[in-house]
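Asks: Quick one: the structure is below, questions incoming.
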Amino acid sequence: MDTITTVACLRCEYLLNPIGIDETRPRLSWVMESNRRGARQTAWQVLVASSRERLEQGNTDLWDSGRVETDQSTHVVYNGAPLVSRMACHWCVTVWDETGNSITSEPAFWTMGLLKPHDWRARWISQDPDIIHRDPEAVEGTATELGTSPLFRKAFVLPAKPRHATLYATARGIFDLKLNGQRVSEDRFMPEWTDYDKRLHYRTFDVTELLVTGENAIGAMLGDGWWSGFIGWQETRGQYGTLKNSLLIQLEAELENGGTVIVVTDTSWRCETGPILYSDFMMGETYDARRERTGWDKSGFDDSAWLAAVEVAPSKVHIPKFGFSNNQPGETDEDLPLVAQRSEPIRVVETLRPVSMNEIRPGVFIYDLGQNIAGCVRLAVNGQAGTRIQLRHAERLNPDGTLYTENLRRAKATDVYILKGEGEEVWEPRFTFHGFQYIELTGLKAALPLDKIAGCVVTSSTPPAGEFESSHPLVNRLWRNAIWSQKGNFLSVPTDCPQRDERLGWMGDAQVFLRTATYNMDVAAFFTKWMTDVTDSQDVDGVFPDIAPRLREGENFVGLDGLGGGAGWADAGIIVPWTIWRVYGDRRIIERNWDAMVRWLDWLEKANPEGIRRHALNNNYGDWLCIPSDRDFRTQSPMKTLLATAYWADDAAKMARMARQLGRTGDAERFNAMHERVRVAFQKEWLREDGRLTVDTQTAYLLALAFNLLPEEVRGRAADHLVENIKKLDWHLSTGFIGISHLNPILTLTGHADVAYCLLLNEDYPSWLYPVIHGATTIWERWNGWTKEDGFFNPLMNSFNHYSLGSVGEWLYRCVAGIELDPEINSFKQFQIKPYPGGGLAYAGASHQSIHGMIQSRWQRQDTTLTLDVSVPANTTARIYVPSDEGTMVKEGNIPVEQIPQISLFGRDGQFVVFKVPAGRYVFKSTFSK
Ligand code: BGC
């Protein structure tokens, strides 16, 4: 076979060719790809130049790293000339392999945004309130009523064609921008959600191609978004202090002839009402196409009747009232920092056609997308001007075929489109999204054909990174349901659900699903950004919130009259940096969040001097939605105290390991000691000699085992008690959000893979496959969201798109397909392939695009012959655990593994024969009768 080696996937701060970053020491990564066994990198050289031409001419005016002898290919810190605002950085990397050959990548780039507050010359503008008063249909928003979305416009002249033009934009609210009639970006909901008390994102766009010599025009439309719209179950709008949306835009065009034209928002901009009568994430959007101002976003439009925009003050950093501390809440003197968005934008990533339509009553058409999604509907429709089409959205249908909307609580999820009557009109709402599978369309006499309706899937565009497939179609569907719940809920922040009036960054949900999320998609940038939301919302005492970004209701954490600090929720403040470090090898996320993490543990220690986490001022959701459920999160029960203490011990253990990585020996000792103290307290409080816990729940055993809280000699017995508990329930699970992510991994790792498979394959309630059998296309919030006997559960809390119980995805990749991190080495630089065939599956396999390249593992059984097909990416090594019967021979291809020079044999470990292999594809054959 010819060997093909390439260097691909050049990324800066995890992003492909990002525009407008504000990281002054950005990290570069690449992937060496080769089909040669043993291919690895021995050295690299990065060249960075201020233009593509310079780079191509070898004029590397920003950085020539020189040849660096190492196999590092990720998180290489830029170490060249200082990076300043607006700089373009074009780069490539040369990689030397183990044969001494070198290969150079194609060029890539990143550009710098506006790094200093004084780089912004634009002024914040808002609409003149009179535009509303002159327009009988337009409405002014109030704390509870939605308002009309204004249009802004600015015409300007460019004396020559621009060589390069960049547009920087942000809003308090969300914007949609046009330049000369063309959309500046298809990205949605910009700027995305941050803790607006602490920071606001801006976006940078290369608009060179959109500008012309002569007159140009910018048009901007402003919606409410998170800034002023309804958030969560809040009864009033304007969480961040104002109902008024505003806009900040700066366009910088460098002309061919050398001059620069700068166009900024100021009172010379014009404003007017537009077609959007109102829009809101929860409520929906009403769009009257007859009110479109044709040509408003192009040159030559007469805006003399429009009003001048008004200048408004920038926001200040705001200190919220924190729970039980005596801090001074209120506004500070500091301007709210504008920061570059550092994660993949929200986009429509795919569109789905309905699979069927049913006219349930004359003129009431129900479309079924066949898939529960987060997003919106795109229509293509002909009709008379003034025809009013209404779209309502729901996840499920009632038995009579009508929409089941009770579980949306106060989210109206209703969009209205009023036709202008000019041929085929294609429309989709811009400033709202819904969680739905079914659409009710009314307002037309005849149904729209299926090809005139599309479901637009709106999500943070994190790159897909994993696939799983087995011989069991229901298990495959379960895996797909978890992916769909990830798409439906990774929307700027990891939310709990996309449909009801909630959609919040619940931290417990995020942490239990995180490992699954990393297998499914590349979420490194997404969670790096979210950790900023988490630390922005940490309170003055060090308590992490339960939701990030925090809400302001009652000037308090999360509007639950709670104080954050929820066990298993707030702990995400430790678990997220830990996981991103482990999975991607990202050291910076622990460095940057170090102080915040230490403050959290300081607080835990101070609040719980005896080593048991009883602190009663906090919420404790326990093993949320376990069976039987204990929903009162304000009371403490022994199980809740156990859960909280277990998380504390684990936080400390993780901190000790991260401290060692950072070379913080003192901290490592401190957290080791803390872990030991809490572990001892845990045992004293709950462990009996026979390995039984006095709180005898599945989750109690799972946490004790997963977090290594038991003496070595009782682990086996504790695992047996866990199995006994499952057996007592006729081999069923009873865990909630917290226990579930540990259930199958711990059963497998303690020698009970057969029980894990049994739970996986159960089809009756409660089980993962019960919803699948009953038509679920996403993961449900509850095991009993709907049952044959009782129908829908109480609609007050019953989402059909919540990913937490989908955390079993991690086990499918890790233990069924067997793609697993090395216990000591991060980022799949060295990893394990350790599959546990079972459950009667004839085959199972997965692929995972790690930061080092594509890993694959697939096994197949025929009688007692097991074939394991593995791909190990270039520049990595793997420990392969081939399941095989004692005394039988393992072959690769047709050759006994002992005879293959690249394979180092380690011997047996239980049911496995263990090897270490370098990069390459390997097909192992063994005899495995278990
Ligand atoms: C949410 C969650 C969350 C929980 C906290 C629910 O309303 O949907 O998933 O973690 O509250 O108790």
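The values are calculated or read from the model by the stated rules, or taken from the named source; none is laboratory data. These numbers come from a predicted model, not from an experiment. Quick reminder, even Gly has a Cβ in these numbers, built from the backbone with ideal geometry, and neighbours come from all protein chains shown. Accessible surface is based on the protein model in full, side chains and every heavy atom, while ligands, DNA and RNA are left aside. Shrake-Rupley method; radii C 1.70, N 1.55, O 1.52, S 1.80 Å.
Asks: Assuming a ≥ b ≥ c are the square roots of the Cα gyration tensor eigenvalues, decide whether region 778-844 counts as rounded (a/c under 1.5), prolate (otherwise, with a/b larger than b/c) or oblate.
Replies: Taking the square roots of the gyration eigenvalues as a ≥ b ≥ c, region 778-844 is oblate.
Asks: Something else: Averaging the inverse of every distinct alpha carbon separation and then flipping it gives the Kirkwood radius. What is it for region 475-545, in angstrom units?
Replies: That comes to 13.0 Å for region 475-545.
Asks: Another one. Quick one: go through region 103-123 and flag any residue whose amide nitrogen is under 13 Å from the point 7 Å out along the Cα-to-Cβ line of residue 85.
Replies: Answer for this model: 112-123.
Asks: Considering only protein heavy atoms and a 1.4 Å probe, what is the carbon-and-sulfur percentage of the accessible area of the chain?
Replies: Percent of accessible area from carbon and sulfur atoms in the chain: 49.
Asks: In Å and on Cα atoms, what radius of gyration and Dmax does region 78-177 show?
Replies: In order Rg, Dmax, the Cα atoms of region 78-177 give 23.1, 76 Å.
Asks: Which values, in whole Å and largest first, are the semi-axes of the equivalent ellipsoid of region 400-507 obtained as the square root of 5 times each eigenvalue of the Cα gyration tensor?
Replies: Over the Cα atoms of region 400-507, the semi-axes work out to 29, 19, 16 Å.
Asks: Return the FRET efficiency for the residue pair residue 142, residue 294: r is the Cβ-Cβ distance, R0 is 45 Å, and the value is rounded to the nearest 0.05.
Replies: 0.90
Asks: Could I ask something else about it? Please name whichever of 43, 492, 9 sits farthest to the positive end of the charge dipole of the chain, dipole taken about the Cα centre and charges placed at Cβ: Lys and Arg +1, Asp and Glu -1.
Replies: Of 43, 492, 9, it is 43.
Asks: If each Cα of region 763-920 is one equal point scatterer, what is log10 of I(q)/I(0) from the Debye formula at q = 0.10, 0.12, 0.21 Å⁻¹?
Replies: -0.48, -0.63, -1.28
Asks: Next question, about the same structure. Along the three principal axes, how long is region 706-831 when you take its alpha carbons, biggest first, rounded to the nearest angstrom?
Replies: 46, 36, 24
Asks: Now a separate question. Quick one: angle between helix 665-686 and the longest Cα principal axis of the chain, in degrees between 0 and 90, rounded to 10, please.
Replies: 70
Asks: Ranked from highest to lowest mean number of other Cβ atoms within 10 Å per residue, what is the order of the peptides 211-223, 659-671?
Replies: So the peptides 211-223, 659-671, ranked by packing, come out 211-223, 659-671.
Asks: Continuing with the same structure: Report, in degrees rounded to the nearest 10, the 0 to 90 angle that the Cα long axis of helix 507-520 makes with the longest principal axis of the chain.
Replies: 80
Asks: Can you pull out the trypsin sites (Lys or Arg not before Pro) in region 422-456 whose DSSP state is coil and whose Cβ has at most 14 other Cβ atoms within 10 Å?
Replies: 445
Asks: Beta carbons within 10 angstrom, averaged per residue: use that to sort the peptides 512-519, 191-198, 39-46, highest first.
Replies: Answer by packing, highest mean first, reads 512-519, 191-198, 39-46.
Asks: While we're looking at this one, here's another question. How would 906, 281 line up by accessible area, probe 1.4 Å, largest first?
Replies: 906, 281
Asks: Please compute the volume of the convex hull spanned by the alpha-carbon atoms of the chain and report it per residue in Å³.
Replies: 173
Asks: Next up: At a threshold of 8 angstrom on Cα-Cα distance, excluding pairs fewer than six apart, so keeping six or more, what relative contact order does region 217-292 reach in percent?
Replies: 24
Asks: Based on DSSP H runs of at least 4 residues, each adding -39500 (n - 2.57), what is the mean residue ellipticity at 222 nm of the chain after dividing by all its residues, to the nearest 500 deg cm²/dmol?
Replies: When only DSSP H runs of four or more count, the value is -6500 deg cm²/dmol.
Asks: Let me ask you something else. Let me know the Kirkwood hydrodynamic radius for region 561-710, please, with Cα pairs as the basis and the value in Å to one decimal.
Replies: 15.7
Asks: Something else about it: Regarding region 1-152, what whole-number volume in Å³ per residue does the convex hull of its Cα atoms give?
Replies: Spread over its residues, the Cα hull of region 1-152 gives 206 Å³ apiece.
Asks: Same structure again: Could you let me know the centre-to-centre spacing of region 690-747 and region 587-611, using Cα atoms, in angstrom?
Replies: Their Cα centres are 27 Å away from one another.
Asks: Separate question: What number, in percent, do you get for the relative contact order of the chain if the mean sequence gap of Cα pairs under 8 Å and at least 6 apart is divided by its residue count?
Replies: 10
Asks: Here is a follow-up. Between residue 70 and residue 790, how many nm apart are label points set 7 Å from Cα along the C-beta direction?
Replies: My value for the distance between the label points is 5.7 nm.
Asks: Cα atoms only, region 272-334: Rg and Dmax in Å?
Replies: Over region 272-334's Cα set, Rg and Dmax evaluate to 20.1, 58 Å.
Asks: Then there is this: Rolling a 1.4 angstrom probe over the protein heavy atoms, how many square angstrom per residue are accessible across region 191-294?
Replies: 28
Asks: Please tell me the relative contact order of region 1-89 in percent, rounded to the nearest whole number, where contacts are Cα pairs under 8 Å and at least six residues apart.
Replies: So the answer I get is 30 percent.
Asks: Angle between the Cα long axis of helix 588-607 and the longest principal axis of the chain, 0 to 90 degrees, nearest 10?
Replies: In the chain, helix 588-607 runs at an angle near 70 degrees to the longest axis.
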